[in-house]
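Down below is the structure, laid out as structure tokens.
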């Protein structure tokens with residue numbers, strides 16, 4: 001007798017880092033996937049089974065909703081969305097280009113809300129689902145040269161907790177994932193060479209050890225894999241030697 005297919009998982013920012021590792025993990029466990037990111041080639045190169053990869057910018061609410069509808073038409077209702085897409089543009093506040101603030105707020109905050117909007121009504125109707133928003137330890141405390149980024153991640157923490165309270169009565173689980181420093185492409189978005197160099201010096205002082213993307217993917221799956229009646233509200237994880 002063939003086992004029923006596992007439900008659909010939607011992952012934004014799936015072309016690299018945490019999103020890519022999360023896609024590989026859920027696929028290995030038999031889930032069909034809807035992978036969303038701007039770089040289509042990176043997602044297609046994964047060559048995962050039962051996977052629909054679409055080039056979508058999470059700041060485009062209409063395109064994101066249409067992509068989810070397309071994925072659900074193919075694989076059935078989304079059982080979870082991992083709102084992972086994000087940018088980190090660090091800078092000293094008096095010298096940073098304000099357009100970088102706009103980009104972070106658009107992707108890190110509005111992009112998360114757009115992902116929520118694409119799945120929440122269906123989950124409420126079905127009385128089932130998981131919304132997992134990837135924030136950061138920078139959503140809990142401040143760091144030098146992180147003003148706008150910290151603001152965007154504090155927003156993710158706040159909106160996720162408020163969303164959890166609103167959807168709990170509908171049996172929809174909402175989780176914040178708050179990683180510390182992770183070895184991904186994220187720092188590459190920063191244009192200030194001195195800040196990048198300072199980060200590398202900081203990492204060296206920790207023995208060169210930060211989280212791997214797989215570590216965060218494991219945390220995401222842990223939250224999702226709990227029984228329906230259990231909501232892991234927040235997971236904060238960082239390298240053992242990361243003090244802040």
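Assorted remarks:
- Residue that is modelled with the highest pLDDT [pool: residues in region 201-238 that are farther than 25 Å from residue 8 by Cα, in contact with a helix residue (DSSP H, G or I) (Cβ under 7 Å, 6 or more places away or on another chain) and assigned to a loop (DSSP other than H, G, I, E, B)]: 238
- When residue 147 is tested against the conditions (1) surrounded by fewer than 19 Cβ atoms within 10 Å (Cβ to Cβ); (2) within 21 Å of residue 177 (Cβ to Cβ); (3) touching a residue at least 40 places away in the same chain (Cβ under 8 Å), the lone failure is (2).
- Residue match in region 153-160 (condition: modelled with pLDDT of 95 or more, within 15 Å of the chain's Cα centre (by Cα) and in a loop (DSSP other than H, G, I, E, B)): no
Every residue, every condition in (1) modelled with pLDDT of 95 or more; (2) touching a helix residue (DSSP H, G or I) at 6+ places or on another chain (Cβ under 7 Å); (3) closer than 21 Å to residue 157 by Cα, yes or no:
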{"site": "85", "(1), (2), (3)": "yes, yes, yes"}
{"site": "97", "(1), (2), (3)": "yes, no, no"}
{"site": "101", "(1), (2), (3)": "yes, yes, yes"}
{"site": "104", "(1), (2), (3)": "yes, yes, yes"}
{"site": "108", "(1), (2), (3)": "yes, yes, yes"}
{"site": "112", "(1), (2), (3)": "yes, yes, yes"}
{"site": "117", "(1), (2), (3)": "yes, yes, yes"}
{"site": "127", "(1), (2), (3)": "yes, yes, no"}
{"site": "131", "(1), (2), (3)": "yes, yes, yes"}
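- Among the residues of region 176-200, those identified as modelled with pLDDT under 95, part of a loop (DSSP other than H, G, I, E, B) and over 16 Å from residue 22 (Cα atoms) are 181, 190, 191, 192.
- Against the test of being within 26 Å of residue 6 (Cβ to Cβ) and surrounded by fewer than 16 Cβ atoms within 10 Å (Cβ to Cβ), the options 168, 223, 217 yield a single qualifying residue, 168.
- Of the strands (runs of 3 or more DSSP E) entirely within region 1-109, those holding at least 2 residues that are buried (at least 19 other Cβ atoms within 10 Å of the Cβ), within 16 Å of the chain's Cα centre (by Cα) and in contact (Cβ under 8 Å) with a residue 60 or more places away in the chain occupy 8-12, 78-83.
The values are calculated or read from the model by the stated rules, or taken from the named source; none is laboratory data. The structure presented is a predicted model; accordingly, all values stated were derived computationally and were not measured. Heads up, the Cβs are rebuilt from the backbone with ideal geometry, glycines too, and the neighbour counts pull from every protein chain shown.
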